[in-house]
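Read the structure below first, then the notes.
The values are calculated or read from the model by the stated rules, or taken from the named source; none is laboratory data. None of the values given here were measured: they were computed from a predicted structure. When we count neighbours, we look across all protein chains shown, and the Cβ atoms used for this are built from the backbone with ideal geometry, even at glycine. Remember, those area values only see protein heavy atoms, side chains included, never the ligands or the DNA or RNA. Shrake-Rupley method; radii C 1.70, N 1.55, O 1.52, S 1.80 Å.
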Amino acid sequence: MRLNHEARQLLDDKAFLNGGEGRVYFDETELEQYTQPTDHTADLDILEDRLRKIVEDHDEYAGEMDKEAAVAVHEEIDLTRSAASDSGMWNDLAMRRFPWFVRHRWRYESETGMKKKFWTYGAALDSASSTFERLWWIAELTQEDGCYKNTRKVFESRRFCFMMFDTQIGRYKPAALACLDALYDDEGESFASNEVIDATIKRLRRAGTTIPLEGRTKTELTDIVQSIRADVESNTEAGL
């Protein structure tokens, strides 16, 4: 199912946003006028079982749950990228089907901030996209042939996710994987420092304005990003 644009007004209900006063779900009668069928199918009962297990295994607001949630959402909701661009489906999952998961993952800090966890106000994938839409797209852009090792890696760094996927370059899969290869040290099983992540990705984005990055392979882009990282670290050590 999907929710149409008018359903956004329901999020003015603060009790629903924070789960207060027993307001865990909307009544179906509140949603029915905004709900529309789609041509897509998924076993959401299986997804619910997996999400509830994730909630059981992780404390409230723990970012570590993202890596498993992204895998679960992407595995159980098999869509083309074209179909997945319909934010109405992801808004429906957050508001109608799994609002309890959204509240477990995200602390209520402001009405405006919490609304963004239930509803996509920006483009698909960026930080203004709803919880399940962002999880699905990051998994889509990092998994390789059904292997989610890279997906789990990227969620180890909130800074990497922000710098990589909140920008247009992050929507080009070879670039996302190249940045991961260049900025994640397999030997130490850790990312470069936040400062190096920031500077490297910013410089890559600037390079993309003069040198076309789309069309280049992951290997070609990895060489470019590694060179940029080396230069960033060299300048940092020199105090430049």
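Take the residues in region 140-149 that are of a type outside the set (A, V, I, L, M, F, W, C) and either without any contact (Cβ under 8 Å) to a residue 40 or more places away in the chain or assigned to a helix (DSSP H, G or I) (or both), then tell me which one is surrounded by the fewest Cβ atoms within 10 Å (Cβ to Cβ). By that ranking, first place goes to Asp145. Being open to solvent by 30 Å² or more (accessible area, probe 1.4 Å), out of contact with any helix residue (DSSP H, G or I) (no Cβ under 8 Å at 6 or more places or on another chain), of a type in the set (Lys, Arg) and at pLDDT 95 or above is the requirement here; does Arg107 meet it? Taking the combined requirement at face value, the residue satisfies it. Take Gly188 and tell me if it is open to solvent by 30 Å² or more (accessible area, probe 1.4 Å), in contact with an Asp or Glu (Cβ under 9 Å, 6 or more places away or on another chain), at pLDDT below 95 and farther than 19 Å from Glu144 by Cβ. Against the criterion (open to solvent by 30 Å² or more (accessible area, probe 1.4 Å), in contact with an Asp or Glu (Cβ under 9 Å, 6 or more places away or on another chain), at pLDDT below 95 and farther than 19 Å from Glu144 by Cβ), Gly188 does not qualify.
For Thr38, are the conditions met, namely being in contact (Cβ under 8 Å) with a residue 24 or more places away in the chain, β-branched (Val, Ile, Thr) and touching a strand residue (DSSP E or B) at 6+ places or on another chain (Cβ under 8 Å)? When the stated conditions are applied, Thr38 passes them. Filtering region 13-40 to residues that are surrounded by 13 or more Cβ atoms within 10 Å (Cβ to Cβ) and hydrophobic (A, V, I, L, M, F, W, C) leaves Phe16, Leu17, Phe26, Leu31. Could we say that Arg152 is without any contact (Cβ under 8 Å) to a residue 24 or more places away in the chain and either part of a helix (DSSP H, G or I) or over 25 Å from Ala84 (Cβ atoms) (or both) here? When the stated conditions are applied, Arg152 does not pass them.
Among the residues in region 162-181, are any of a type outside the set (A, V, I, L, M, F, W, C), farther than 24 Å from Gly63 by Cβ, touching a residue at least 40 places away in the same chain (Cβ under 8 Å) and not in a loop (DSSP other than H, G, I, E, B)? Yes, the conditions are met somewhere in region 162-181.
Per-residue answers, yes or no, for (1) open to solvent by 10 Å² or more (accessible area, probe 1.4 Å); (2) touching a Ser or Thr at 6+ places or on another chain (Cβ under 9 Å); (3) not hydroxyl-bearing (Ser, Thr, Tyr):
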position	(1), (2), (3)
Glu64	yes, no, yes
Asn91	no, yes, yes
Phe98	no, yes, yes
Glu111	yes, no, yes
Lys115	yes, no, yes
Ser129	no, yes, no
Ile138	no, yes, yes
